[in-house]
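*Asks:* Before I ask anything, let me first share the structure, which is written out below as structure tokens.
What follows draws every value from the coordinates through simple rules; no lab data is involved. All figures in this text were calculated on a predicted structure; none of them were measured in a lab. Glycine gets a Cβ as well: all are built from the backbone with ideal geometry, and neighbour counts include every protein chain shown.
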Amino acid sequence: MKRPAYAVKKIDFKAMHETEAALSGLKLHTVCHQARCPNISECFKKGTATFLILGDTCTRSCVFCNVKKGKPEGIDKSEALRVAQAVKKLKLKYAVITSVTRDDLKDGGAFAFAEVIKCIRDINPEIKVEVLVPDFKADRESIKNVVDAKPDVFAHNVETVPSLYSIRIGADYKRSLKVLSVAKEISPYITTKSAILLGLGEKEEEVMEVFKDLVKTGCDYISIGQYMQPDKEHYNVVEYIKPEKFEWYKEKAYKAGFKHVESGVWVRSSYMAEKYNSKISI
């Protein structure tokens with residue numbers, strides 16, 4: 001399918017390389033590169049990045065995602081400290097931490113999220129931290145380990161509607177909902193967040209049901225964006241959603257009960273998180 005003009009974004013390579021240079025030597029991964037995020041230069045220009053911990057190799061094989069798949073390497077015990085050093089070097093006020101899925105680890109890597117939060121707060125307790133976690137197989141202790149570290153936002157993405165979960169190999173829609181509901185059960189006051197990509201072949205009524213399901217878990221925020229095919233080896237774009245349609249979905253999401261909604265072609269869960277999570281004072 002031909003990409004319309006509104007779904008083409010110019011990349012500022014100079015800004016991107018400047019942030020890369022600032023991170024050089026720390027041996028860190030960013031989801032910005034791994035997922036081929038279309039917002040990479042815009043975020044890097046502002047000196048922000050979403051850090052990808054627990055390596056760069058995912059144990060699952062989602063056909064829409066560009067993150068490397070395969071057998072992960074061992075755990076890097078110094079990674080949390082290096083992330084904290086990068087946050088300090090970039091002078092961030094709001095840091096986003098995510099990871100590949102690590103089904104090979106007993107707790108799914110929850111300990112690593114907790115350690116990164118601790119290291120960042122040790123450097124500066126005023127820095128706001130958002131975590132975007134895998135599903136941890138909905139293990140309560142794993143979720144509790146991350147929640148107890150007190151991130152400012154606890155996010156887990158449903159990504160798409162239930163009828164399309166065959167493209168999320170190894171994932172389960174109800175399990176993803178459970179991750180968010182368990183986080184709220186453990187800490188009712190924690191801010192939770194999710195995201196969905198459109199253009200994968202979903203129907204309007206299916207998206208409305210996802211909104212309802214997420215709100216039932218207590219989910220506070222949602223990000224709604226356009227799926228962009230990383231390359232020809234990945235799942236095809238079925239539809240390019242028009243900007244005005246994203247505004248329509250935004251209105252519907254607010255009516256469903258979300259406290260804050262970001263909806264647009266280029267919106268991603270971590271995109272300008274410090275901006276659209278402005279209800280959290282930074």
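*Asks:* Stretch K212-E126 to full length: gain in nm at 0.36 nm per residue minus the Cα-Cα span?
*Replies:* Computed gain between K212 and E126 is 27.6 nm.
*Asks:* Can you grab the distance from the C-alpha centre of segment 116-159 to the C-alpha centre of segment 74-101, Å, no decimals?
*Replies:* 12
*Asks:* For a label point 7 angstrom out from the Cα of S163 toward its Cβ, which stretches of segment 188-208 have the backbone nitrogen within less than 20 Å?
*Replies:* 196-208
*Asks:* Moving on. How high is the FRET efficiency from Y254 to S78, r the C-beta distance, R0 35 Å, rounded to 0.05?
*Replies:* Result of the calculation: an efficiency of 0.25.
*Asks:* Looking at segment 143-222, which chymotrypsin sites (Phe, Trp or Tyr not before Pro) are in a loop (DSSP not H, G, I, E or B) and have at most 14 other Cβ atoms within 10 Å?
*Replies:* Here the sparse-neighbourhood loop sites are Y189.
*Asks:* Okay, next question. Over all directions, how big on average is the projection of the convex hull of the alpha-carbon atoms in segment 62-110, in square nanometres?
*Replies:* 4.7
*Asks:* What spacing in nm lies between the two simple spin-label points modelled at E204 and S187, each 7 Å away from Cα in the Cβ direction?
*Replies:* With each label placed 7 Å out from Cα toward Cβ, I get 3.9 nm.
*Asks:* How big is the dipole moment of segment 158-256 about its Cα centre under a simple scheme where the beta carbon of each Lys and Arg is +1, that of each Asp and Glu is -1, and everything else is neutral? Debye, nearest 20, please.
*Replies:* 300
*Asks:* Let me ask something else about it. On a full-extension model of 0.36 nm per residue, what is the gain between K232 and K71, subtracting their alpha-carbon distance, rounded to one decimal in nm?
*Replies:* Extra length from K232 to K71 when fully extended: 55.6 nm.
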